[in-house]
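S.K.: Before I ask anything, here is the structure I am working with.
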Amino acid sequence: MSTTWLGRVRARNERKSHPVRVITDGAAPTPEDLLDILRDPFDDELWPEELPSVWQRLGDDAVVDRPAVATLADVDVLAPCRPGKLLCVGRNYRAHAAEMGNEVPTEPLMFQKPRSAVVGSGADVVIPSGFDRVDMESELVAVIGRRGRNIAAEDALDHVAGYTLGNDVSNRDLQRGDKLWTRGKGFDTFAPLGPWIRVTEPGAALPSDARVQGRLDGELRQDAALGDMVFDVPAVLAFISACMTLEPGDVIYTGTPEGVSALEPGQTIEITLQGFELGTLVNPTTSPS
């Protein structure tokens, strides 16, 4: 059964990036895979109103170019979309709340990260100087594919175009000192995202035993099943959409398991979802230039 993957790439001799589609037999895209250059399926302004969802925009009308020989080896892979909003849920795994000395929230604990924090797989995470602790946080990320407001939990997955991986990099010094988390979560490069969006059918749920895993320099640090979430994806979407409209391309970081680990320059972070292939989000860490 074929699987559709969405992303963004840039030719190495260009500044402009392009939305692309890769179709595989279920495996994550590899450098040998061919790509189609698309009209951005997440950009409402490029599409007639009667095509309100990402799924309706992925037919032949979406294809701008089918290069005869272009493969992923010929381009740089970027973050897979340009989110209008980066919405995040804190303390959504009980064990993580406990390891940080916090109570489990009674409703989703929501915050935002700025779009300027987004980087793709392979890009550096810059560890700012002068702070005691900056942590990795491995997460499943839901990508919105259909606009919605006041979405009922039972209808929420009809609005999810697919899934990718994220790292909610967090400056603990600032997060603990500030009443709000904006500074601690918002540094440039603090929102790795990717490598691809795996498109799912409307309404399709991920296996509850699929596991978010995070490795630091090859050592497994984070590992928990999606079924361990305090609030599942439908509940999170329903909660967020009660106060704001969710739009195509918005991304929702769904929370991190226990095992968050301090980062230093010169390390490598790898994030995967075992049990439902999303590829591997890989980011080295570095010092400020």
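S.K.: Would you check if Pro29 is out of contact with any Cys (no Cβ under 7 Å at 6 or more places or on another chain), within 30 Å of Asp223 (Cβ to Cβ) and in a loop (DSSP other than H, G, I, E, B)?
M.R.: yes
S.K.: For the structure I just gave you, tell me whether Gln222 is polar (S, T, N, Q) and in a helix (DSSP H, G or I).
M.R.: no
S.K.: State the number of residues belonging to the range 98-123 that are under 14 Å from Gly194 (Cβ atoms) and assigned to a loop (DSSP other than H, G, I, E, B).
M.R.: Of the residues in that region, 4 qualify.
S.K.: Please count how many residues of the range 80-125 are acidic (Asp, Glu) and surrounded by 19 or more Cβ atoms within 10 Å (Cβ to Cβ).
M.R.: 0
S.K.: Look at the range 247-289 and say how many of its residues are of a type in the set (Asp, Glu) and in a strand (DSSP E or B).
M.R.: 1
S.K.: Could you grab the pairs with beta carbons closer than 8 Å, sequence gap of 6+ or different chains, first residue in the range 154-169 and acidic (Asp, Glu), second one at pLDDT 95 or above and in a loop (DSSP other than H, G, I, E, B)?
M.R.: Here the result reads Asp158/Pro202; Asp158/Gly203; Asp168/Glu137; Asp168/Phe190; Asp168/Thr256, each pair linking the range 154-169 to a residue that is at pLDDT 95 or above and in a loop (DSSP other than H, G, I, E, B).
S.K.: Provide a single number: the residues in the range 249-264 that are surrounded by fewer than 24 Cβ atoms within 10 Å (Cβ to Cβ) and either without any contact (Cβ under 8 Å) to a residue 40 or more places away in the chain or over 12 Å from the mean Cα position of the chain (by Cα) (or both).
M.R.: Residues meeting the conditions: 7.
S.K.: Is it the case that Asp155 is of a type in the set (Asp, Glu) and surrounded by fewer than 24 Cβ atoms within 10 Å (Cβ to Cβ)?
M.R.: In short, yes.
S.K.: Another question, if that's okay. In this structure, is Val54 touching a residue at least 40 places away in the same chain (Cβ under 8 Å), touching an Asp or Glu at 6+ places or on another chain (Cβ under 9 Å), of a type in the set (Val, Ile, Thr) and over 17 Å from Arg176 (Cα atoms)?
M.R.: Here the answer is no, as Val54 does not meet what is asked.
S.K.: Then there is this: For the range 56-85, name all the residues that are part of a loop (DSSP other than H, G, I, E, B) and more than 30 Å from Asn167 (Cα to Cα).
M.R.: Once the filter is applied, which keeps residues that are part of a loop (DSSP other than H, G, I, E, B) and more than 30 Å from Asn167 (Cα to Cα), the range 56-85 yields Gly59, Arg66, Pro67, Ala68, Val69.
S.K.: Step by step: first the residues of the range 181-209, then only those that are part of a loop (DSSP other than H, G, I, E, B) and under 30 Å from Glu264 (Cα atoms), then the one that is farthest from the chain's Cα centre (by Cα). Which residue is that?
M.R.: Trp181
The values are calculated or read from the model by the stated rules, or taken from the named source; none is laboratory data. Bear in mind that the values here come from a model prediction, so they are computed numbers and not experimental data. All Cβ positions, glycine included, derive from the backbone under ideal geometry; neighbour counts span all protein chains shown.
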